[in-house]
1. Buried (at least 19 other Cβ atoms within 10 Å of the Cβ), at pLDDT 90 or above, outside any helix (DSSP H, G or I) and of a type in the set (Lys, Arg): which single residue out of ARG56, ARG35 fits that description?
2. Condition check: surrounded by fewer than 16 Cβ atoms within 10 Å (Cβ to Cβ), modelled with pLDDT under 95 and under 15 Å from the mean Cα position of the chain (by Cα). Does PRO173 satisfy that?
3. Just for strands (runs of 3 or more DSSP E) wholly inside the stretch 87-133: which have at least 3 residues that are away from the ligand (no atom under 15 Å from the Cβ), without any contact (Cβ under 8 Å) to a residue 24 or more places away in the chain and within 18 Å of PHE152 (Cα to Cα)?
4. On the given criteria, is THR163 among the polar types (S, T, N, Q) and exposed (fewer than 14 other Cβ atoms within 10 Å of the Cβ)?
5. Could we say that GLY50 is buried (at least 18 other Cβ atoms within 10 Å of the Cβ), within 25 Å of GLN166 (Cβ to Cβ) and out of contact with any Cys (no Cβ under 6 Å at 6 or more places or on another chain) here?
6. Just one of PRO147, PRO115 is closer than 21 Å to ASP54 by Cα, surrounded by fewer than 15 Cβ atoms within 10 Å (Cβ to Cβ) and in contact with a Ser or Thr (Cβ under 9 Å, 6 or more places away or on another chain); which is it?
7. Based on this model, can you work out whether LYS30 counts as away from the ligand (no atom under 16 Å from the Cβ), more than 25 Å from MET210 (Cα to Cα) and surrounded by fewer than 19 Cβ atoms within 10 Å (Cβ to Cβ)?
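The values are calculated or read from the model by the stated rules, or taken from the named source; none is laboratory data. What you see is a predicted model; the values in this text were computed from it and never measured. Positions of Cβ are generated from backbone atoms using ideal geometry, with glycine treated the same way; all protein chains shown enter the neighbour counts.
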Amino acid sequence: MSEDRIIKPVSEPVFGPYLARYRVHEGLIKGLKERGMKSIPGSGNKELAGVIDDQRGYSKEDKEWFVKEFQPYMSAYSRGSCAHEQRMWDHNWTDKFELIALWINYMKENEYNPPHTHNGQVTWVIFLETPDLDKERDQYVGRSVGPGALTFHYGEASFPKWTVNQLTYLPMPGEMWIFPTMLEHSVIPFKTKGTRVSVSGNCVFMPPHMESRVMPEEYDRMKPQPVK
Ligand SMILES: [Fe+2]
């Protein structure tokens, strides 16, 4: 075979989890911040993986408001997921969901989120505020993704590298990732003084003829309650 022959693959399949990054509307950011401020400090800690002192659940009324604000993003994510699988949008697909949990994190310097997964089917993280980490990141020397980065992990790492098993991202205020709950992820600590504020939640899909809703309160494990 001649060495200059151009070989083209018959296919280059796309596989793995479907993730999408969105810029969210100002009303959602503002509402989550204001409602989060009124919730009880530390009230979400018991149910969460973070090594973070102040993680708070939201009230039922806050969650009902959120479901309406969040619906357009779930519609986009669900349709994107369908396209990712190279399928046609039909009655087998839905963008209706039940919100299982919603919480806000106030992550300070030296706090972190170890590798973890969520429950339900779809999860997200919305960044409301973040300290400027440029200086600290410039000074960082090492092979990891560095201070403050969010990393998604999927499959095994190899060295030398022949597969992409990580996706890293430096949080930007006003941005959100939506991804499957089984996708492991982690957040590296930073040392710069300041607070990164983010909101996460979990949901499951509902049949398409139903309306999106909040999970009935009796099953809610993250109701804001005073911390003992
Ligand atoms: Fe998480």
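1. Numbers: ARG35 fails: outside any helix (DSSP H, G or I).
One residue alone meets the criteria, ARG56.
2. Details: surrounded by fewer than 16 Cβ atoms within 10 Å (Cβ to Cβ): yes; modelled with pLDDT under 95: no; under 15 Å from the mean Cα position of the chain (by Cα): yes.
The answer is no for PRO173.
3. Details: elements: 97-108, 113-116, 122-129.
Of the strands (runs of 3 or more DSSP E) lying wholly inside the stretch 87-133, none has at least 3 residues that are away from the ligand (no atom under 15 Å from the Cβ), without any contact (Cβ under 8 Å) to a residue 24 or more places away in the chain and within 18 Å of PHE152 (Cα to Cα).
4. Details: among the polar types (S, T, N, Q): yes; exposed (fewer than 14 other Cβ atoms within 10 Å of the Cβ): yes.
Yes, satisfied.
5. Values: buried (at least 18 other Cβ atoms within 10 Å of the Cβ): yes; within 25 Å of GLN166 (Cβ to Cβ): yes; out of contact with any Cys (no Cβ under 6 Å at 6 or more places or on another chain): yes.
So GLY50 fits the description; yes.
6. Details: PRO147 fails: surrounded by fewer than 15 Cβ atoms within 10 Å (Cβ to Cβ).
Within the list PRO147, PRO115, the selection yields PRO115.
7. Working: away from the ligand (no atom under 16 Å from the Cβ): yes; more than 25 Å from MET210 (Cα to Cα): yes; surrounded by fewer than 19 Cβ atoms within 10 Å (Cβ to Cβ): yes.
When the stated conditions are applied, LYS30 passes them.
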